1. Inside the range B:5-22, can you point out the residues that are loosely packed, with under 15 Cβ neighbours inside 10 Å and modelled with pLDDT of 90 or more?
2. In the list A:102, A:98, A:92, A:113, which residue meets the criterion of being free of Cβ contacts under 8 Å to residues at least 24 places away in the same chain, surrounded by 14 or more Cβ atoms within 10 Å (Cβ to Cβ) and over 23 Å from residue A:204 (Cβ atoms)?
3. Within the range B:101-113, take every residue that is touching a residue at least 60 places away in the same chain (Cβ under 8 Å) and more than 8 Å from chain A (Cβ to nearest Cβ) and give me the one that is farthest from residue B:142 (Cα to Cα).
4. Among the candidates A:414, A:379, A:419, A:352, which residue alone is more than 14 Å from every other protein chain (Cβ to nearest Cβ) and under 16 Å from residue A:210 (Cβ atoms)?
5. Out of all the residues in the range B:42-65, which are surrounded by fewer than 18 Cβ atoms within 10 Å (Cβ to Cβ) and within 16 Å of residue B:97 (Cα to Cα)?
6. Among B:175, B:211, which is within 14 Å of chain A (Cβ to nearest Cβ) and either out of contact with any strand residue (DSSP E or B) (no Cβ under 9 Å at 6 or more places or on another chain) or more than 30 Å from residue B:132 (Cβ to Cβ) (or both)?
7. Limited to the range B:86-100, what total is found for residues that are out of contact with any strand residue (DSSP E or B) (no Cβ under 9 Å at 6 or more places or on another chain) and away from chain A (no Cβ under 11 Å)?
C-alpha cells in the first residue's frame, strides 16, 4: 500500500493493518520473560557449580592444612660417636640379614639411651621413642664405615613429648618440651619415613607404606580380574548374545549387581573366597577378588554403553568388505569403545580403592606392622588404615590420619590421571 | 505383476535372483522379486522412499543377515552358485560382492589403512610393498590418488564428504570384487562431488558389475544401462534404461518417471 503525494503533504497510508501476533506488546513481554528465564537458569547453574567448587576447595584445603603436620614429627637431636659406642662389627657382619638383631644383642638400644642421657639429660632421654635405636641400626647397616666416625641423628620423641611440643600434656612435659626446643634439641622435622614405614602402635613411628602397598596389590588383583572379565562380558552381551529372555535376565542381574551394597560383597568374599582359601585371611589376593566382584558390573555396564556408541556404519563398512564378526569386534569396535571402557574401569577402580566395608569382613583390618611382600601376605589398605587411625585415642594420630587421607587422594588422582592419559591416547573421532 | 522388457533374461548373468522375499518380522518388505543382473552394465534400482530397493540390494551380499529380524527367502545366485548355500561362505561372498553405503563411512584410521584393511584381512597382499601397490591402484581407480598421495597417513575421516565416499569406493575395489553394490552413494553429497562419483561409476563399469540404488531419476538415467523400478516392495518394471525412461510399459512407472509421485 503506497501513499500518494497530494500537494506537498503526504497522505499516510490507510489505517495500518492490525499488527501480526509476533509484534504485539504481549509477545514482547513473553519474549522478555523467556530471556529472563534463560538468565536465571544460567545463574542457577553457575551458583551450583560455584557451590560445589567451594565445598571441594574447603575440603581439600582443610585436609592439606591438617595433613601437612602429619608428614612431620617431633625429633630429638642426638650426636653419636660410634668409636666410643662400644658396638663391634665390620662390613660383612653389618650387611648380614641378621645385623639388626646382632646390634640389639650387643646393647645398641642401651648405648643410644646412655648417649641421649649424656647429651639431653635423664628426663629427655626417657622420652626417646623405644624404637628410636632402630634408626641408628639402619644407618649402620646401610653404611658400615660409620663405625669409626660420628653422625648426628634425629630420633623420634615419645608421643607424650610430641604432644607437649604441640602444647598439650602435663606441666612437667610442657616444661621439658619448651626447654629442649629452646636448646634446639627438639624440633618438628619433615618425616620422609612416613612414606616408607608401616603401621605401629605409636603415632611417632607409624608409616603409610604398608597400607599403600597393600592398596596397590589389591587394586592390581582387582584390575587383572575385573577388566578382562568385564570387557569380554560386555562384548559378548553386546555383539554375540542372542536377544531374548535369558539375555534380559543377565542384563538385569548385572545392573542389580552394580547396585548391591558393598558390605554384601564382603560377606560373599568371606563365605566363598575365605572358605576356599582359609590361609589367606587379610591377603590382597582375597581383597582384590572381593573388590573385583564389585567392580566388574560397573565395567560391564559402561563397556556396553561404549560399544553401543560405536556407529553402526563402521560395523557395516567392515562387514561389507568381508571382515568376520570377530575381526569387526577386535579391529573396529573394541578400539573405538576402549576409551569409554577405560572411563568405566576407572570409575569402578576408584570406588574399589575407597572401599572399606567389604574388606572389614575378610580380615583386612588387622594390625599389620610390615608391608606385605606379596599377594598372599597379610595387608591392609589405605582407607582401612585411615579408619583404624581415626579410631585411635592418641592425639598424634589425628594428623597422621589427615596425612594418610592426602596419600589416598594423591593415589586416586594418579590413577585417574593415568586413565585420562590412556583415554586421550586411544580416543578417535569419527 | 512385474513387467520385464524383452531380452532382459541373461545367460551370462552375474547375479540371478528368483522369487526373493524379505520379511522384517511380520512385514513383507520385498515381495517375490526375480531379476538377472548383467556383468557388463550398470544396473540402477529406482523407486520412491521405502519401496524396498535398498533392502533388496542388501540381499546380494547378505548384509540383511546382520539385522536380527530380517529373513530372506527365495534363491539368489552369484555365478550360478547359491549365496545362501553350504558352499558359499558369507565372508568370501562379501569379498566378492563389495558395497558402498549411503553415508560415507571410512574407518577412523589413516587413508592407507582404510584401503589396506581389506587386502590385509583376506591375506591378498602379504608384504608392505604389495600393499603399497594395491593401495595406489585402488586409489587411482577411485580417482583419489592425486588428491591424497601426499597424506596417506592422515585420518580418512579428515577428508571431505565426496572424497570420503570415493575412499569408500577405493576400499571396496581394493579386494578386487566382482560386483559393487552402491546404496545411494551420492545422496549425501553436493552436486560437484556427485558428478565425480558418477564419472567414477562410469569408469568402473565394465570392470565390475555395478548395482546402484538411487532415488534420483536423473542419476539413474545418467549412469545406468539397466533400470529396475520398485514400488511397495515389488519390482514393477525392469528394462534398458533408455526404454524405462522414454517408453515405460507400466502405468505406475510412467507416473513415477513423470513426477506424478515419489
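1. Step one: of the range B:5-22, the residues loosely packed, with under 15 Cβ neighbours inside 10 Å are B:6-7, B:9, B:11-12, B:18-19.
Selection gives B:18, B:19.
2. Numbers: A:98 fails: surrounded by 14 or more Cβ atoms within 10 Å (Cβ to Cβ); A:92 fails: surrounded by 14 or more Cβ atoms within 10 Å (Cβ to Cβ); A:113 fails: over 23 Å from residue A:204 (Cβ atoms).
Just a single option satisfies the conditions, and that option is A:102.
3. B:102
4. Working: A:414 fails: under 16 Å from residue A:210 (Cβ atoms); A:419 fails: under 16 Å from residue A:210 (Cβ atoms); A:352 fails: under 16 Å from residue A:210 (Cβ atoms).
The match here is A:379.
5. In the first step, residues of the range B:42-65 are kept if they are surrounded by fewer than 18 Cβ atoms within 10 Å (Cβ to Cβ); the result is B:48-50, B:65.
If the condition is that a residue be surrounded by fewer than 18 Cβ atoms within 10 Å (Cβ to Cβ) and within 16 Å of residue B:97 (Cα to Cα), then B:65 is the only one that fits.
6. Numbers: B:175 fails: either out of contact with any strand residue (DSSP E or B) (no Cβ under 9 Å at 6 or more places or on another chain) or more than 30 Å from residue B:132 (Cβ to Cβ) (or both).
Every option except B:211 fails the conditions.
7. Filtering the range B:86-100 for residues out of contact with any strand residue (DSSP E or B) (no Cβ under 9 Å at 6 or more places or on another chain) gives B:86, B:89-92, B:94-95.
Adding the requirement that they be away from chain A (no Cβ under 11 Å) leaves B:86.
Number of matching residues: 1.
Table: residues versus (1) within 14 Å of chain A (Cβ to nearest Cβ); (2) part of a strand (DSSP E or B); (3) under 27 Å from residue B:201 (Cβ atoms); (4) touching a helix residue (DSSP H, G or I) at 6+ places or on another chain (Cβ under 7 Å).
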| residue | (1), (2), (3), (4) |
| --- | --- |
| B:35 | no, yes, yes, no |
| B:40 | no, no, yes, no |
| B:61 | yes, no, yes, yes |
| B:75 | no, yes, no, no |
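The values are calculated or read from the model by the stated rules, or taken from the named source; none is laboratory data. Worth saying up front: this structure is predicted, and the values here are computed from it rather than measured. Here the Cβ is made from the backbone with ideal geometry for all residues, glycine too, and neighbour counts use every protein chain on show.
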